[in-house]
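Below: one structure, written as structure tokens.
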Amino acid sequence: MDIGVLLNHTLVIQAILFLIFLFLVNLIYIKPYSKTVDQRNARILELNKEAEKFREEAAHYLQEAEKILAEASAKAHEIIEKARKEAKAEADKIIAEAEREADEKIEKVKAEIAAELEKAKAELEQKVEVLAKIIVEKFVGERK
């Protein structure tokens, strides 16, 4: 029993049919699939480049926003400091005005007190003179 492979025309026809089958499968399935995969890969690369560009833009905008925020913070601090200085100057001015008014009132009251004191002294001197005359008259009148 010798099982040998005989080369005949059916084997050649089967080989040709197999090659035709491979050609058709390649033409119908493999090439469109490969084309689709290549297109998808190209689109993915394009989207990755675009995403990287957007990341760079976002980083740039973030830096600009941080810069603007820092400038705004500095301006706000400057405005607050200026307002604080103005408020202190206004408070000092009000305090100085109040002290000046208080000093004026004190001087006015001192002057009024001094005037009343002089008036009281004058009245007292008059009364002392009258009393002194009365005492002298009584004393002189008793001696006579």
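Quick note: the coordinates plus some simple rules give every number you see, no bench work behind them. As the structure is a prediction and not an experimental result, all values here were calculated from the model. Here the Cβ positions follow ideal geometry from the backbone for every residue, glycine too, while neighbour counts run over all protein chains shown.
Distance between the pseudo-spin-label points of Glu129 and Tyr61 (7 Å out from Cα toward the beta carbon): 10.1 nm. If you take all other residues with their beta carbon under 11 Å from the beta carbon of Glu78, and give Lys and Arg +1 and Asp and Glu -1, the sum is +2. Across the stretch 17-144, Cα-Cα pairs farther apart than 21 Å form 79% of the total.
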